[in-house]
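Structure, as structure tokens:
The values are calculated or read from the model by the stated rules, or taken from the named source; none is laboratory data. Just so you know, these numbers come straight off a predicted model, no measurement behind them. Cβ: placed from backbone, ideal geometry, glycine included. Neighbour counts: every protein chain shown.
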Amino acid sequence: MIYLNIGSNLPSYYGGRRANIKKSVKFLKELKIKLIDISDFYETPSYPDKTKPKFINLCLKIETNLRPNILLKEIQKIEKKMGRNRSKANEPRVCDIDIIDYKGKIINENDLKIPHPKLHLRNFVIYPLREIEPGWLHPIFNKKINSFFLDLDKNTHKEITRLGKSDIL
């Protein structure tokens, strides 16, 4: 399986944060990507600057015949179409789509690192991934998602809010 995380913390031409995520999923479907499952929406403070607008994120479980590098290029096109401006790292953004895992492969190229190198530290990835794939195993650390969930500190658990079903599927 392939897992993507989609986040938004700015409004766009398409609407607010939820609308941005829904529109991103619509664009993914147009690529002949099959949605298998989708998590609830989760809200978290912006990182590292918590004074910036809060993010909404969710996780998708998908199938596609696109190779990882082609999938990444298509994702970047969607982000651009959504209005993402890549000026500085960790800046607020209309749309952020990350490949979290691609069929358990380990890829370490300049522009593509799979599994996502920081997924095990991010509550906004761990919570939704754990929701839709509680048995997911990290291909490098050989640890289940629940182990990463338990490793999160108390503040990180307190900072995330489940907002409910995404109604996208």
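Results, tabulated for the structure shown:
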quantity	calculated
Subset tally (residues that are assigned to a loop (DSSP other than H, G, I, E, B) and either among the charged types (D, E, K, R) or surrounded by 21 or more Cβ atoms within 10 Å (Cβ to Cβ) (or both)) for the stretch 40-59	5
Qualifying residues in the stretch 153-167 (those that are part of a loop (DSSP other than H, G, I, E, B) and over 13 Å from residue 42 (Cβ atoms)) - the one farthest from the chain's Cα centre (by Cα)	153
In the stretch 117-165, residue surrounded by the fewest Cβ atoms within 10 Å (Cβ to Cβ) [restricted to those that are aliphatic (A, V, I, L, M) and in contact with a strand residue (DSSP E or B) (Cβ under 6 Å, 6 or more places away or on another chain)]	137
Close pairs from the stretch 127-142: first under 19 Å from residue 164 (Cβ atoms) and basic (Lys, Arg), partner outside any loop (DSSP other than H, G, I, E, B) and at pLDDT 95 or above, Cβ under 7 Å, at least 6 apart	130/145; 130/146; 130/149
Hits in the stretch 78-109 - residues which are among the basic types (Lys, Arg) and at pLDDT 95 or above	103, 105
Failed condition for residue 89, given (1) surrounded by fewer than 17 Cβ atoms within 10 Å (Cβ to Cβ); (2) in a helix (DSSP H, G or I); (3) among the small types (Gly, Ala, Ser)	(2)
Residue ID - farthest from residue 22 (Cα to Cα), chosen from residues in the stretch 154-169 that are touching a helix residue (DSSP H, G or I) at 6+ places or on another chain (Cβ under 8 Å) and of a type in the set (D, E, K, R)	159
Single match in 97, 114 (criterion: within 19 Å of residue 53 (Cβ to Cβ) and either among the β-branched types (Val, Ile, Thr) or crowded, with 16+ Cβ neighbours inside 10 Å (or both))	97
Qualifying residue in the stretch 62-83 (condition: in a strand (DSSP E or B), in contact (Cβ under 8 Å) with a residue 12 or more places away in the chain and farther than 23 Å from residue 117 by Cβ)	yes
Identity of the residue in the stretch 1-16, surrounded by fewer than 17 Cβ atoms within 10 Å (Cβ to Cβ) and among the small types (Gly, Ala, Ser), that ends up nearest to residue 115 (Cα to Cα)	16
